[in-house]
Amino acid sequence: MKKIYTHDNAFIVHNVKNLVEAQGIEVFLKNEFAQGAVGEVSAFDAWPELWVINDSDYDRALAVVNATQQAGTAADWVCDNCGEVNAASFDMCWQCQHDNHGN
Ligand SMILES: [Zn+2]
């Protein structure tokens, strides 16, 4: 197993997980439940980590991750609920989970 992605925002990690899984790659989340309730902040929280089950999927999974990161530079969208800038690969605002569909 290999780690392909980590971020302090569990919602973003979930988004990347969904995108990688959409390519038929088996992944699992580590530290998924390490963070406290929404809004709770602790310096000791472990970041959620995304791992591929099969090492042979690593390069492909990483390419998906890189694509999601680069997509943000091309077509960011601004949440009309909270004004946060989101990467194009995210269907929902990472800040407030407002749905971008319909924009
Ligand atoms: Zn928002």
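Annotations
- Close Cβ contacts (under 6 Å, 6 or more residues apart or on different chains) running from residues in region 77-93 that are of a type in the set (D, E, K, R) to residues that are surrounded by 13 or more Cβ atoms within 10 Å (Cβ to Cβ) comprise Glu84/Cys93; Glu84/Gln95; Asp91/Asn100.
- Selection from region 79-96 of residues that are within 10 Å of the ligand (Cβ to nearest atom) and closer than 17 Å to Leu19 by Cα: Asn86, Met92, Cys93, Trp94
- In the set (1) small (Gly, Ala, Ser); (2) within 16 Å of the chain's Cα centre (by Cα); (3) at pLDDT below 90, Ala61 fails one condition alone, (3).
- Asn86 being more than 20 Å from Met1 (Cα to Cα) and at pLDDT 80 or above: yes
- Checked against (1) part of a helix (DSSP H, G or I); (2) more than 15 Å from the ligand (Cβ to nearest atom); (3) at pLDDT below 90; (4) under 11 Å from the mean Cα position of the chain (by Cα), Val20 passes all but a single condition, namely (3).
- Any hit, region 71-80, residues being in a loop (DSSP other than H, G, I, E, B), at pLDDT 85 or above, surrounded by fewer than 13 Cβ atoms within 10 Å (Cβ to Cβ) and not aliphatic (A, V, I, L, M): yes
The values are calculated or read from the model by the stated rules, or taken from the named source; none is laboratory data. Everything numeric here is computed off the predicted structure, so don't read it as measured data. Backbone-built Cβ (ideal geometry, glycine too); neighbour counts: all protein chains shown.
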